[in-house]
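Colleague: The structure is given below, and queries will be raised subsequently.
The values are calculated or read from the model by the stated rules, or taken from the named source; none is laboratory data. Small disclaimer: the values here were computed from a predicted structure and weren't measured. So basically every Cβ, Gly included, is an ideal-geometry build from the backbone, and we count neighbours across all protein chains shown. Just so you know, the surface numbers come from the protein's heavy atoms only, side chains and all, with ligands and any DNA or RNA stripped out. Shrake-Rupley method; radii C 1.70, N 1.55, O 1.52, S 1.80 Å.
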Amino acid sequence: MLDVTAKIPLKDPDLFRQANYIAGQWVQAESGKTIAVRNPATGEVIGNVPAMGQAETRRAIEAANAAWPAWRAMLAKDRAVVLHRLAALMHENADDLAAIMTAEQGKPLAEAKGEVVYSASFIEWFADEGRRVYGETIPQNAKGRRIIVTKEPIGVFAAITPWNFPSAMITRKAGPGWAAGCTGVIRPASQTPFSALAIAVLAERAGMPTGVCNVITGPSGETGKELTANPIIRKLSFTGSTEVGRVLLAQCAATIKKTSMELGGNAPFIVFDDADLDQAVLGAMASKYRNTGQTCVCANRILVQDGVYDAFAAKLKAAVEGLKVGPGMEPGVTQGPLINADAVTKVEEHIADALAKGATVVTGGKRHARGGNFFEPTVLANVPRAAKIFGEETFGPVAPLFRFKTEEEAIRLANDTEFGLAAYFYARDVGRIFRVAEGLEYGIVGINEGIISTAEVPFGGFKQSGLGREGSHMGIEEYLEVKYLALGGIGA
Ligand SMILES: NC(=O)c1ccc[n+]([C@@H]2O[C@H](COP(=O)([O-])OP(=O)(O)OC[C@H]3O[C@@H](n4cnc5c(N)ncnc54)[C@H](O)[C@@H]3O)[C@@H](O)[C@H]2O)c1
Ligand SMILES: O=C[C@H](O)CS(=O)(=O)O
C-alpha cells in the first residue's frame, strides 16, 4: 500500500481507498494481484487497486442481488434521503474528491472541482426523480375491466465507465439506478478508480444499505465478461468508445439485457458568416479544450464559412495561445496532460496525417516542452476532408479548421460521419437556426452555446454514438420495467 498522504494533499485521507467495496466490506483480490494507478502529469504511481477476476465480480453481483428486495421496498422518499445525504457529503468533501481526481486523471483542479459538483447534481436530480416514477391508467377497452400501467425497478445494474470523467459518468448511471430502487455493481476505468472508490466511502457514510453500492476494479475482459454474461444483471449502462460498446452489446445479447450505450462522438462545430465571432470563439474554446480535448462532446471538427474563416482563425489562435499547460495541481493551469502515452501518439498521428494532406499549423502542433503526456494546444487550418481527423475522434487538444461555402454543404459535412452525439453551430438568422438544427443528425445540438451538459437534459447520441439517454426525467426510465395490469371482474 502506498501512503497517499505523501502524494495527494487530502484533509480526509480515508477517502482514498486501495481496496474494493463488495457487500459492505473493503476487500482485496483473492489472487492478491493489484493494478498500479499513475498520475498522468508525472507518471508516478499514486496507488494500487485490486485486480478482481470473475469470481469476485460474481460475488459483487450476488451482493447487489441480495440487497435488492429491501432497497426496492423502501419508499422512494426514504431512498431520496440517503441519496441527498450522499450528494451533501460530496459537496462537503469536494476539495478532497477534486484532488483525488486531478491526481489520477490529470484535469486542472478547478475543472475537477466542477466535475465533483456536476457529479453530485446527478444524485440530487435523480433522488427527486425517483419520487416521480409515475404510471398511467388507460381507458378500459371492455366493460368490467380496468387498465393500469405501473413501473418497477429493473433489478441489478452494472455500470462500466471511462477515465475522462471519473466521477460524473458514475453518478449519471448509479444515481438513477439507485433512485429507481435498483442495486448495482460499478466497474470504473483502471486509470481512474479512486474517484469511484471515494464515492463508495461516501455512500457508506450516507447510510446506503450494504450491497446497494458495490465497486470493483480489475481487468476489463474478466470483470466485463461476468457483468455482461451473468443473468442477475438486468441492465448494463456503459460509457466509452463505440468499439467497446459494440463488443458489450454482443455479450449482453445472450441474456437479453436492457442496455444504455453512451459512446464516441465526432462533434462538428459550425461557424456561419452571420455568427457573433467572439461568442463563437468562446464556445469553441469551452467545447474543444475542456479536459484537454478528452470529452465525448468536444468539438472535433470546426467548420467555418468562407467569409469569416480568416477572422475566426486569428481570434481562435489568440485565445488558444492564452491557455496554460501544466500539472492540474499547479495554480493557473488550464490544460492538463493527456491520459497516457498512447493518447499523445494518437494526437501526433492525426496532426501528421493532416499536415501530409495539406493542412497548416496555426499554433501548437507538437509535444509540449514539459514532456511526458503534455501536448501543445493546437489549431490547424486548411484541413482537407480526407484527413483522418475528419472521420475519427482525436480526443486531444487539436482544433482542425475546415472551410465551407453554403449552409447545405455545412450540414452535409457535419452529418458525414457514423457518429451522432453532439453538434454545435453559431448563427444569428432565425430561419437558418431552425433549418440547421433540424438538419443535424445529432442527439445534442448547441446553438450559440459551447457547453451543453447538465443533469436536467437528455444526454445521448444518434447513430453509432449510442442507445438510450442519461440525465433528465428520461434517465430513470432506463432502470425501470413497465408492467400493465388488466383488471377484470369490476362490473361496470
Ligand atoms: N457518450 C458519452 O456520454 C461518453 C462519455 C464519456 C466518454 N465517451 C467515450 O469514451 C471513450 C473514451 O473513454 P475510454 O478510452 O475509457 O473508452 P473505452 O471504451 O476504451 O473504455 C471504457 C470503459 O470500458 C472498459 N472496457 C474496455 N474494454 C472492455 C471489455 N471488453 N469489457 C468490459 N469493459 C471494457 C474500460 O476499462 C473502461 O472502463 C471515447 O470514445 C469517448 O467519446 C462517451
Ligand atoms: O465525455 C463526455 C461526457 O459526457 C462529459 S460531460 O457530461 O459533457 O461533462
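Colleague: Measure out, as a whole number of angstrom, how far apart the alpha-carbon centroids of the range 378-429 and the range 327-355 sit.
Modeller: 20
Colleague: Then there is this: Solvent-accessible area of GLU62, probe 1.4 Å, all protein chains present, reported in Å² to the nearest ten, please.
Modeller: Counting only protein heavy atoms, the figure is 90 Å².
Colleague: Now for a separate question. Counting alpha carbon pairs within less than 8 Å and at least 6 residues apart, what relative contact order, in whole percent, applies to the chain?
Modeller: 18
Colleague: Which residue, chosen from ILE411, GLY475, HIS368, occupies the Cα position most advanced towards the positive end of the dipole of the chain, where the dipole is computed from +1 (Lys, Arg) and -1 (Asp, Glu) charges on Cβ about the Cα centre?
Modeller: Looking along the dipole axis, the top candidate is GLY475.
Colleague: Output ³J(HN,Hα) for the range 159-174: one whole-Hz value per residue in order, computed from phi by the Karplus curve 6.51 cos²θ - 1.76 cosθ + 1.60 with θ = phi - 60°, and x for Gly and Pro.
Modeller: My calculation for the range 159-174 gives 10, 10, 10, x, 8, 6, 10, x, 10, 5, 5, 7, 6, 5, 9, 5 Hz in order.
Colleague: In percent, what relative contact order does the range 225-348 have, based on Cα pairs under 8 Å that are 6 or more apart in sequence? Mind showing how you got there, number by number?
Modeller: On the way: 145 pairs, mean separation 23.5, N = 124.
That works out to 19 percent.
Colleague: Would you kindly state how much longer the chain becomes between GLU321 and ALA66 on full extension, computed as 0.36 nm times their sequence separation minus their alpha carbon distance, in nm to one decimal?
Modeller: Working: separation 255, 0.36 × 255 = 91.80 nm, distance 5.50 nm.
Going from the current span to full extension adds 86.3 nm.
Colleague: While we're on this one: From Cα pairs below 8 angstrom and at least 6 apart in sequence, can you work out the relative contact order of the range 109-240, rounded to a whole percent? The partial results should precede the final answer.
Modeller: On the way: 196 pairs, mean separation 36.5, N = 132.
Dividing the mean separation by the residue count of the range 109-240 yields 28 percent.
Colleague: Within the range 463-492, which residues have the backbone N less than 17 Å from the label spot 7 Å out from ARG145 along Cα→beta-carbon, could you tell me?
Modeller: 483-492
Colleague: Quick check for me: using +1 on Lys/Arg Cβ and -1 on Asp/Glu Cβ, what's the dipole size of the range 73-149 about its Cα centre, in debye to the nearest 20?
Modeller: Details: 10 positive and 11 negative charges, 176 e Å.
Computed about the Cα centre, the dipole is about 840 debye.
Colleague: What's the angle, to the nearest 10 degrees (0 to 90), between helix 309-320's Cα axis and the longest principal axis of the chain?
Modeller: 70
Colleague: In the range 281-382, what GluC sites (Glu not before Pro) fall in a loop by DSSP, with at most 11 other Cβ atoms inside 10 Å? Write out the running numbers ahead of the final one.
Modeller: Working: sites: GLU321, GLU348, GLU349; in loops: GLU321.
Passing sites in the range 281-382 do not exist.
Colleague: Follow-up. Cut-off under 24 Å on the C-alpha distance; same-chain residues fewer than 8 positions from LYS405 excluded. Which lysines are left, in chain and number order?
Modeller: LYS288, LYS315, LYS317, LYS357, LYS388
Colleague: May I pose another question? May I ask you to give the solvent-accessible area per residue for the range 334-492, in square angstrom, as obtained with a 1.4 angstrom probe? Mind showing how you got there, number by number?
Modeller: Details: 6860 Å² over 159 residues.
The answer is 43 Å² per residue.
Colleague: Cross-link candidates for LYS235: which lysines have Cα within less than 27 Å, leaving aside residues fewer than 8 places away along the same chain?
Modeller: LYS77, LYS151, LYS173, LYS225, LYS257, LYS258, LYS463, LYS483
Colleague: Right, another one. Quick one: if the Förster radius is 30 Å, what FRET efficiency do ARG370 and ASP95 give, using the C-beta to C-beta distance and rounding to 0.05? Let's see the in-between values first.
Modeller: On the way: r = 25 Å, r/R0 = 0.84.
E(calc), rounded to 0.05, equals 0.75.
Colleague: Let me ask you something else. Is the C-alpha gyration tensor of the range 17-116 telling us rounded, prolate or oblate? Criteria: a/c under 1.5 is rounded; beyond that, a/b larger than b/c is prolate, otherwise oblate. Write out the running numbers ahead of the final one.
Modeller: Values: a/c = 3.42, a/b = 1.18, b/c = 2.89.
It is oblate, given that a/c is not under 1.5 and a/b is not larger than b/c.
Colleague: So how far apart, in nm, are the two label points at ASP342 and VAL27 if each is 7 Å from Cα heading toward Cβ?
Modeller: 2.9
Colleague: Next question. Would you kindly calculate the translational diffusion coefficient of the chain, applying Stokes-Einstein with the Kirkwood radius from alpha carbon pairs, for 37 °C and a viscosity of 0.692 mPa s, and quote it in µm² s⁻¹ without decimals?
Modeller: Numbers: Rh = 23.5 Å.
Rounded, D is 140 µm²/s.
Colleague: Roughly how tilted is helix 54-73, in degrees to the nearest 10 and between 0 and 90, from the longest Cα axis of the chain?
Modeller: 60
Colleague: In whole Å, what is the distance between the alpha-carbon centres of the range 227-268 and the range 100-170?
Modeller: 17
Colleague: For ALA299, which sequence-distant residues (separation of 5 or more, or a different chain) have an amide H within less than 5 Å of its own amide H, given hydrogens modelled in the peptide plane?
Modeller: When sequence neighbours closer than 5 places are left aside, the close amide H contacts are LYS288.
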